[in-house]
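Worksheet for the structure shown next.
The values are calculated or read from the model by the stated rules, or taken from the named source; none is laboratory data. What you are looking at is a predicted structure, and each value in this text was computed from that prediction instead of being measured. Note that we place each Cβ from the backbone using ideal geometry, even for glycine, and neighbour counts take in every protein chain shown.
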Amino acid sequence: MPTFRSHSRPRRRLSHKETNPPTRAACIEKIKELLKENAAILESIESNCEESIIDWMLIKYDCQKMRQYLKTAMEIYARGDAFGEEDSKRIMSESAFKADILADAELYVAGLRKDRDTFTFIYNQEPERVLEYHKKGFHYVLRLLEYHANLRLTNRTITPEVEKLHIFFIRKLFLSGFLSDKELEPSVREHSYEYWKAVRDTMAWG
């Protein structure tokens, strides 16, 4: 009776290099590369975009937010095991942004924080709802809620026009619970843009 050889390839053993996680030094070098790329993008935005164009201002805000993450990660890797609670407090006090809506929502949903009233006071939304917006790709909603929270947390003077449109936006989000995603997105996106127009026209962008 004939025998048949298996045509499946033998499993390749992973080398020592492939099985080990990247070293701390390698992570630091990668973060340095990303920081350089981020700085180049910010420089390009600042030299080429017009301050009156809302979309450019939002991209700049996103780049600044990413720079905060990278600088924090760099310091954590650089300090290693010596990184402690006082270091954490100092980094947070020096951060350009105080609010992080997605990270905060994940903490509350996971049960790691119990003071849900604090979250809803800062962001005007329930944490589960925030994660739902993220899952659906409504990033412009999260960006607006986080930006307004940062205005409050950094004690910026909020003009009546901006506050009024923020309240109107929150009401729209509340009513969106009765709409399908297809019906919701155009309406909420439109009012999101009206909010940014008010920020542009009545406040110093920052």
Inset, instruction - Take segment 22-50 and flag every residue that is of a type in the set (Asp, Glu) and over 22 Å from the mean Cα position of the chain (by Cα). - result: Glu29, Glu50
Inset, instruction - For segment 53-76, indicate whether the set of residues that are modelled with pLDDT under 70, under 24 Å from Leu144 (Cα atoms) and not in a loop (DSSP other than H, G, I, E, B) is non-empty. - result: no
Inset, instruction - Check Ser176 against each of (1) in a loop (DSSP other than H, G, I, E, B); (2) touching a Leu at 6+ places or on another chain (Cβ under 9 Å); (3) at pLDDT below 90 and name the one condition it does not meet. - result: (1)
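Table: residues versus (1) over 17 Å from the mean Cα position of the chain (by Cα); (2) loosely packed, with under 14 Cβ neighbours inside 10 Å; (3) part of a loop (DSSP other than H, G, I, E, B); (4) acidic (Asp, Glu).
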residue	(1), (2), (3), (4)
Lys98	no, no, yes, no
Thr118	yes, yes, no, no
Phe121	yes, yes, no, no
Lys135	no, yes, no, no
Val141	no, no, no, no
Leu144	no, no, no, no
Arg156	yes, no, yes, no
Leu165	yes, no, no, no
Inset, instruction - Give Ala25, Ala39 a once-over and let me know the one that is on the phi < 0 side of the Ramachandran plot, surrounded by 12 or more Cβ atoms within 10 Å (Cβ to Cβ) and at pLDDT 60 or above. - result: Ala39
